[in-house]
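The values are calculated or read from the model by the stated rules, or taken from the named source; none is laboratory data. On a predicted model such as this, the values are computed, not experimentally measured, just so you know. FYI the Cβ positions are ideal-geometry reconstructions off the backbone, even for glycines, and counts take in every protein chain you see.
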Amino acid sequence: MARYSFVSTGTRILVLILLLIALVIFGLWWFDSMGIIESKNLLNPLFNLVGVRQPAANVDINDPLLLEKENLLKQMEALDLRAEELDKKEQSIVTKQEEIEQISAEIEQQQQNITEQQEAFALKLQEVNDRSKNLILISEKLTGMPPKDAVNIMLGLQDADIIDILRVTEEEASRQGAVSLVSYWLSLMPTERASTLTRLLAR
């Protein structure tokens, strides 16, 4: 009893077409591998579509520029590495420059503070010198007037100012080898005020 195939004619035609396409593709690939024809540009989209990666093009060892190309590639790689190193050095220089600028700003601020302190000290010293000169002038005027008048003037001053005048008067008398009027002035003052000034003068 004869067996009949249940495969339809349309199916057979489709299988034959697919087989023919496969043979054509294989033939093109084979001839391309043999170097007879160049079919990579035609087959690459098809291989990419089905997920097959084409091997990289073979290197022609007979290429007279092959060695020069390799040297150029090595030089390019070396230049890339050198560029990366220069970028790192540049970044390091920028960082150090920022640190130097910060330190410079701190030093400048410290110098400004020192200058201000020196100016304040000089001003204070000038004030002290001026006060010393003024005290000497006042002492000379008080010494040159009648003792009672000098005492009346001093009694109108603050205790600290009187003490400064008395000390300057004693120093000037000692420097000139003269007799100081301080004790006599104190004897002409009210007892309580004279006692307070004597105690302050002894400190």
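The sole residue among SER139, SER104, SER92 that is assigned to a helix (DSSP H, G or I) and touching a Ser or Thr at 6+ places or on another chain (Cβ under 8 Å) is SER139. Filter the range 168-181 down to residues that are touching a helix residue (DSSP H, G or I) at 6+ places or on another chain (Cβ under 7 Å) and of a type outside the set (Asp, Glu) and give me whichever is farthest from ILE138 (Cα to Cα). Checked the range 168-181; the qualifying residue farthest from ILE138 (Cα to Cα) is VAL179. Just one of the listed residues (ASN134, ASN129, ASN152) is over 20 Å from ALA173 (Cβ atoms) and either at pLDDT below 90 or among the charged types (D, E, K, R) (or both), namely ASN129. Only one of (1) free of Cβ contacts under 8 Å to residues at least 12 places away in the same chain; (2) under 55 Å from the mean Cα position of the chain (by Cα); (3) surrounded by 11 or more Cβ atoms within 10 Å (Cβ to Cβ) fails for SER187. Which number is that? Only one criterion is unmet by SER187, namely (2). For the range 172-192, a residue qualifies if it is closer than 19 Å to PRO146 by Cβ and part of a helix (DSSP H, G or I), and the qualifying residues are GLU172, ALA173, VAL182, SER183, TYR184, TRP185, LEU186, SER187, LEU188. In the range 117-141, the residues that are under 27 Å from LEU181 (Cα atoms) form Cβ pairs under 8 Å with partners that are in a helix (DSSP H, G or I) and of a type in the set (Ser, Thr, Tyr), at six or more places apart or across chains, as follows: SER139/THR169.
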